[in-house]
Amino acid sequence: MRAEHVIHFIDTLRLGPLHLVGQSQGGWIVTYITLTRPDLVNKLVMIDSGSTSGSALTIEGDRTLKEDIDVNGVRVKTGSGELPFYKEVFEPGTKLPKEGMTTTREGIRKYVEAFCYNKSMITEEFLDHLMSLSKKWNSLYMQYRGRDYWTSHTIPKHNDQYYIHGVHIKNLVDTIRKPTLVLWGKNSSKGIDPGVELYKRIPDAQMHIFDEANHFLWLDQPMDFNSLVTWFLKKES
C-alpha cells in the first residue's frame, strides 16, 4: 500500500512528527497516516480528496449519503463511483488514461484541463515540465496502474483501497485529533458536497472553499492557496 510506503519512509529517516499535506489521492494517503500513526503527524492539510470523501460511492452503513451529489453544476447519482470527467480522460469503466493522455503534449494538456478552472495556468512552460515528468515516470506508473491492472480491476474493486479494516476512511475521520485544514474547489470535478460532508465529520477542523477553482485548486488560485496553507501551518494550534 502506498500509504504504508510513506510511513516506512518517514520512520526510516526519523522525520516525524511532520505537517502532512496531500491533494486528491495524496489526501487519502496523509489521512490514512494521521489515523493509523498519529505520532508521525503535527498538522493535516487535505486538498480536494475525492478518494477520502467517497465521491459518488455507496458506502455500507453510511446513513448520511445523499441520493445524488453536485459536481460542478451536474447532479450525479450516488452509487457508481464514477464522475463526469471520467468520460473525458479515462477509458470506459476504468481509471486508465486514454491513449496519449499521459504521453503527448496535447493529451497532457487535455488531461490537466479536466482538473483546472483557469485554463490559462496551463502554460507552455508548465507543459514542458509535465512532458519531462512523463518521460521519467509514465512507464513506471503504467506498469502498476496500466492495462494489466485494469483487466482485473473494476472501479468498485479499485476503490477498496480506501477502506481500513472494512470501514471506508471517511467514516473514520471523526477520530482524528490533529489540527486539520480541508481545502476544496467550488468547481471541483470531484463534487463539492462530499468535501463539505467530510469536513463536518472531522473534529476541530477548518475548511476553505476556493471560488473559481477545480480539482487542481492550487493552480487555479496559487496566491491564496499558498497564503492559506502557510498561515495554517505556522499558526499556533
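Quick look at the numbers
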{"quantity": "Spin-label proximity, residue 109 to the stretch 119-152 - amide N less than 20 Å from point 7 Å beyond Cα toward beta carbon", "calculated": "119-135"}
{"quantity": "Separation between Cα centres of the stretch 100-167 and the stretch 197-223, rounded to whole Å", "calculated": "21 Å"}
{"quantity": "Neighbour-count ranking [beta-carbon atoms within 10 angstrom, fewest first] of 190, 119", "calculated": "119, 190"}
{"quantity": "Residue among 141, 117, 32 with the largest mean-square fluctuation in a Gaussian network model of the chain, springs linking Cα atoms under 10 Å", "calculated": "141"}
{"quantity": "DSSP beta bridge pairing in the chain, given as percent antiparallel to the nearest 5", "calculated": "30 percent"}
{"quantity": "Residue of 168, 215, 19 that the Gaussian network model of the chain assigns the largest fluctuation, springs spanning Cα pairs under 10 Å", "calculated": "19"}
{"quantity": "Per-pair calculated FRET efficiency, R0 = 45 Å: residue 13 and residue 74 via Cβ, rounded to 0.05", "calculated": "0.55"}
{"quantity": "Relative exposure of 180, 151, judged by other C-beta atoms within 10 Å (fewest first)", "calculated": "151, 180"}
{"quantity": "Overall form of the chain per C-alpha gyration tensor (a/c, 1.5; a/b vs b/c)", "calculated": "rounded"}
{"quantity": "GNM result for the chain, Cα springs below 10 Å: residue of 145, 201, 14 fluctuating most strongly", "calculated": "14"}
{"quantity": "Fewest-first sequence of 236, 4, 113, 125 by Cβ atoms within 10 Å of each Cβ", "calculated": "236, 125, 4, 113"}
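No lab work stands behind these numbers, since they all come straight from the coordinates. As the structure is a computational prediction, the values presented were derived from the model and not from experiment. Every residue, glycine as well, gets a Cβ built from its backbone with ideal geometry; the counts of neighbours run over all protein chains shown.
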